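A short worksheet on the structure shown next.
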Amino acid sequence: MATLIPVGIAGLGRYLPERRLTNLDLEKVVDTSDAWIQQRTGISERRIAAGDQVTSTLALNAARQALDDAKMSPEEIDVVVCATVTGDQSFPATACRLGHDLGAKNAGGFDLGAACSGFVFGSQVAAGFIQSGQFRNVLVVGAEVLSRILDYKDRNTCVLFGDGAGAAVFTSLDRAGRGEFLGGSISMEGGAEDVLSQPAGGSRHPATAESVAQGLHYMKMGGTKVYKFAVRVFAELVKGVIDKYGRDQIGVIVPHQVNQRIIESAMEQLDMPMDMVFTNIDRYGNTSAASVPIALREAYDAGRFQKGKLIVCPAFGAGMAWGHILLRW
Ligand code: UT7
């Protein structure tokens, strides 16, 4: 087998829309309370895209910051991968609009639909492209405008999610000089269409006046099932890294920002202290595919990446689909 080219992350970026939707704001539109939301989820507020912003707008801002951080021009990007479940439209791919707006004139691109695991799956696709020598520089963006598929009458879902985007530029480790990509995993257990989904708008339930009247274009979720699943796979994914590398090698865990209680339960199962995990869910809620790259950029800014230590990013969500990436800074 040909030698694989080592891969690194040259730059990270994030973008959050300005508008804040607080728990107190939500108390006014749905039967909930700040105390309930804080206690059950750890969320205080989330960001909401402005009326003239779409997913590619958020993605563009995050991508620009990542390219800036990587000291790379848009023309150098070979592939744009946009992980999202709330693309600008079903098709064409949001990556095409993003690449155009960014000025990535030499890039091809596509969207990747794996809900909350989208960024960690996309990162592995990017790493594979670079390792094989097929492409040199790959931009992976996780971007969501979930507020457009939320029913603000459904307290089971509307309190949990927010809008945002995060991005990473993958290239050879030689060029990146940091953020070594050590591997990852991609898993799924299908047949869970009723647990967490947007029921209508696809071939299963095409959009009709009735589907809209029934609110089937909004996200639906069986929260408790997702909760149990998330705690289990979070702990399993991190345990896999501990078994291979040793607990003392882990510098920080930067997980999908799903729910503070889920993260705390998993850390307790792992017998690891909460200061080993980076969270920002209190400020942004769950931003699906955007959550890991936003958290990565913020953990980096906060000085949480220790030289030579591992960064573990577990993610899990609709599908059910889950996996992780492992980096060394
Ligand atoms: O990326 C993956 C995406 N999915 C998720 O992040 C969801 C994961 N699941 C969760 O985060 C939790 O299951 C929730 C936060 C959604 C719910 O927390 P829970 O502790 O599992 O509560 P529950 O569903 O068991 O509901 C407890 C009670 C119920 O009332 P009754 O039946 O006991 O009277 C709910 O109706 O809380 C009620 N409830 C609420 N009350 C106030 C549910 N949502 C709300 C709300 N405000 N927003």
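Amide H contacts under 5 Å for G201: A207, restricted to partners 5 or more places along the chain or on a different chain, H placed in the peptide plane at 1.01 Å from N. Structural size metrics of the chain, computed from C-alpha coordinates, are Rg and Dmax of 18.7, 61 Å.
A simple spin-label model places the labels of K153 and N106 5.3 nm from each other, with each point 7 Å out along Cα-to-Cβ. In this rough spin-label picture, where each label sits 7 Å from Cα along the Cβ direction, the R40-D194 distance is 2.1 nm. When the alpha carbon coordinates of region 7-179 are projected onto the principal axes, the ranges are 54, 31, 24 Å, largest first.
Helices in the chain that qualify as membrane-span-like (whole DSSP H runs, Cα extent of at least 20 Å along the helix axis, mean Kyte-Doolittle hydropathy of -0.5 or higher) are 55-70, 118-132, 223-245.
Annotation: extensible slack from D52 through Q214 equals 55.7 nm (criterion: 0.36 nm per residue apart, minus Cα-Cα distance). Put a dot 7 Å past the Cα of I242, heading toward its Cβ, do the same for F91, and the two dots end up 4.5 nm apart. Here is how the number arises for the chain: DSSP H runs of 4 or more residues each give -39500 (n - 2.57), the sum is divided by the residue count, and the result at 222 nm is -10000 deg cm²/dmol. All C-alpha pair distances within region 41-118, sorted into 5 Å bins from zero, spread as 3, 15, 23, 23, 18, 10, 4, 2, 0 percent across the bins. Antiparallel beta bridges, as assigned by DSSP with both residues in region 7-179, represent about 65 percent of the total such bridges. Counted without the sites themselves, the longest stretch of the chain free of trypsin sites (Lys or Arg not before Pro) in a DSSP loop having at most 13 other beta carbon atoms within 10 Å is 205-306.
The convex hull built on the alpha-carbon positions of region 244-329 has an orientation-averaged projected area of 5.6 nm².
Using a probe of 1.4 angstrom and keeping all protein chains present, the accessible surface of region 54-212 works out to 42 square angstrom per residue. Short-range pairs are left out: with C-alpha atoms under 8 Å and at least six residues apart, the relative contact order of region 7-179 is 36 percent. Among D271, D194, D34, the residue with the largest mean-square fluctuation in a Gaussian network model of the chain, with springs joining Cα atoms closer than 10 Å, is D271.
Reducing region 309-329 and region 127-182 to their Cα centroids gives an inter-centroid distance of 11 Å. Take every Cα pair under 8 Å whose residues are at least 6 apart in sequence, average their separation, divide by the length of the chain, and the relative contact order is 25 percent.
The values are calculated or read from the model by the stated rules, or taken from the named source; none is laboratory data. Quick caveat: nothing in here was measured; it's all calculated off a predicted structure. Positions of Cβ are backbone-derived with ideal geometry, glycine not excepted, and every protein chain shown enters the neighbour counts. Protein only, heavy atoms only, side chains kept; ligands, DNA and RNA dropped before computing areas. Shrake-Rupley method; radii C 1.70, N 1.55, O 1.52, S 1.80 Å.
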